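Below is one structure, written out as structure tokens, with a few remarks after it.
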Amino acid sequence: MAPSPFDDENTPLFTVGQVAQMLAVKQAFLRRVDDLQVVSPQRSPGGQRRYTRYEIRIIQQVVTMADEGIALQAIRRIFELERQLAQVTRERDELARRLAELLDA
């Protein structure tokens, strides 16, 4: 049986209206999050935003932070720094693996 697109958390399935209703936020908030590139949903052939389950989880985090008084610009920076940290961690792990190989040789 072929995997369903509903099983893939990265499949863009949800409209702005659906996500706004799910998270109890205004559609304008979601557009602002997109404008700031905190989350950049894919577009349908008609140009409508389509959100993945993964992006919805990120937006939930954004909503929580915004409710705590953190500005959207600051939230965007937090996510940028988290991505950079993840990249540096991957690079460090790769270098540690290579070093271990050299020491074992």
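The values are calculated or read from the model by the stated rules, or taken from the named source; none is laboratory data. Keep in mind that this is a model prediction, so the values were computed, not measured. In this analysis, Cβ positions are derived from the backbone assuming ideal geometry, glycine residues included, and neighbour counts consider all displayed protein chains. Areas reflect the complete protein model, heavy atoms only, side chains present, ligands, DNA and RNA absent. Shrake-Rupley method; radii C 1.70, N 1.55, O 1.52, S 1.80 Å.
Over the stretch 1-94, with every protein chain in place, what whole percent of the accessible area is carbon and sulfur at 1.4 Å, could you tell me?
With neighbouring chains kept in place, the figure for the stretch 1-94 is 52 percent.
Compute the angle between helix 72-104 and the longest alpha-carbon principal axis of the chain, please, reported from 0 to 90 degrees and rounded to the nearest 10.
20 degrees
Please give the contour-minus-distance gain from residue 101 to residue 37: 0.36 nm per residue of separation, less the Cα-Cα distance, rounded to one decimal in nm.
19.1 nm
Between (1) 95; (2) 159; (3) 80, which entry matches volume of the Cα convex hull per residue in Å³ as derived from the coordinates of this structure?
Structure-derived value, by its label: (2).
For the stretch 48-90, run through the GluC sites (Glu not before Pro) and keep only the ones in DSSP coil with at most 14 other Cβ atoms within 10 Å of their Cβ.
Here the GluC sites (Glu not before Pro) that fit, given the DSSP loop and packing criteria, are 68.
Calculate, for the chain, the solvent-accessible area per residue in square angstrom, rolling a 1.4 angstrom probe over the heavy atoms of the protein chains.
With all protein chains present, the chain gives 71 Å² per residue.
Considering only 47, 12, 103, whose Cα is most displaced toward the positive end of the charge dipole of the chain, charges sitting on Cβ of Lys, Arg (+1) and Asp, Glu (-1)?
Of the listed residues, the answer is 47.
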